[in-house]
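In what follows, a structure is listed as structure tokens, so that the remarks can point back to it.
The values are calculated or read from the model by the stated rules, or taken from the named source; none is laboratory data. Since the structure is predicted, the reported quantities are computational estimates derived from the model, not experimental observations. Counting neighbours? That spans all protein chains shown, and the Cβs are built from the backbone with ideal geometry, glycine included. Heads up: the accessible areas ignore ligands, DNA and RNA and are worked out on the full protein's heavy atoms, side chains in. Shrake-Rupley method; radii C 1.70, N 1.55, O 1.52, S 1.80 Å.
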Amino acid sequence: MGTVRFGGVTMASVYGFRITVTGKGGHGSTPENCVDPIVVAIKIHEALETLMSREKSPFAEAVLTIGKFQAGDAANVIPEQAVLEGTLRAFGPDRRAFLVDRIAQIAPAVAATYRATARVETLTDVPELRNDDALVRECLAAATAAIPNANPVGGLHAMGSEDFTIVAQRVPTAYFMLGARVDGEARFAADCVANGHLATGKSACCQEIFEASVVCVTRG
């Protein structure tokens, strides 16, 4: 408890996307009469990985993940469609815009090579989180005054994303992370009993940090 993480540009942007590959379904015994969307989707996945390794500097802060791949219902049937869903996270609006454009270009181009089509859809589109420096200093002073044994730690800069960015684009923002871990089994058990709604599995949050965070917000 007591760690206060803060920074300037703290959270990456996130572009969530879906790629729907459409081929020609048929029986697994006659693949020559089909256009297998699974094969095409695999090639698109490989091309996107190459995008990140060959069209982006290794020093650039960006990461792409395909976390969902769905196709087919039977082992002996080539389906008509395959679906990829993923996220692109990045710092820097120009870098992000370039990579988003390349995803839109690569998917249909690769699909066309194999006589299929690919449609790219946007699922989420959240910019990076930028804090207001003056407001950060003001809120940090309030946090260190309100939290017992506060331990301010700068450099908060993570590839995770935050929907609060939408608000931060419109008003000055100070985004913090407050440490709320409960130390010791006895303290953990006491907090679970007193604040059962704050305990999940083997994790519990210290009640005092919630009270202190309210003070931080009102004073800041």
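Here is a yes/no grid of residues against (1) within 22 Å of residue 167 (Cβ to Cβ); (2) in contact with a Leu (Cβ under 7 Å, 6 or more places away or on another chain); (3) in contact (Cβ under 8 Å) with a residue 12 or more places away in the chain; (4) not β-branched (Val, Ile, Thr):
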| residue | (1), (2), (3), (4) |
| --- | --- |
| 91 | yes, no, yes, yes |
| 99 | no, yes, yes, yes |
| 105 | no, no, no, yes |
| 109 | no, no, no, yes |
| 125 | yes, no, yes, yes |
| 128 | yes, no, yes, yes |
| 131 | yes, no, yes, yes |
| 136 | yes, no, yes, no |
| 156 | yes, no, yes, yes |
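Of the residues making up segment 144-161, those that are at pLDDT 90 or above and crowded, with 18+ Cβ neighbours inside 10 Å are 156, 161. On the basis of being part of a loop (DSSP other than H, G, I, E, B) and touching a strand residue (DSSP E or B) at 6+ places or on another chain (Cβ under 8 Å), does residue 115 make the cut? Yes, satisfied.
Residues in segment 51-102 that are open to solvent by 70 Å² or more (accessible area, probe 1.4 Å), assigned to a helix (DSSP H, G or I) and under 18 Å from residue 15 (Cβ atoms): 93, 94, 95, 98, 101. All conditions but one from (1) open to solvent by 70 Å² or more (accessible area, probe 1.4 Å); (2) in contact (Cβ under 8 Å) with a residue 40 or more places away in the chain; (3) in contact with a strand residue (DSSP E or B) (Cβ under 8 Å, 6 or more places away or on another chain); (4) more than 19 Å from residue 113 (Cβ to Cβ) apply to residue 16; the one that does not is (1).
Return the residues of segment 103-136 that are within 30 Å of residue 8 (Cα to Cα) and open to solvent by less than 30 Å² (accessible area, probe 1.4 Å); say none if nothing qualifies.
103, 126, 128, 129, 131, 136
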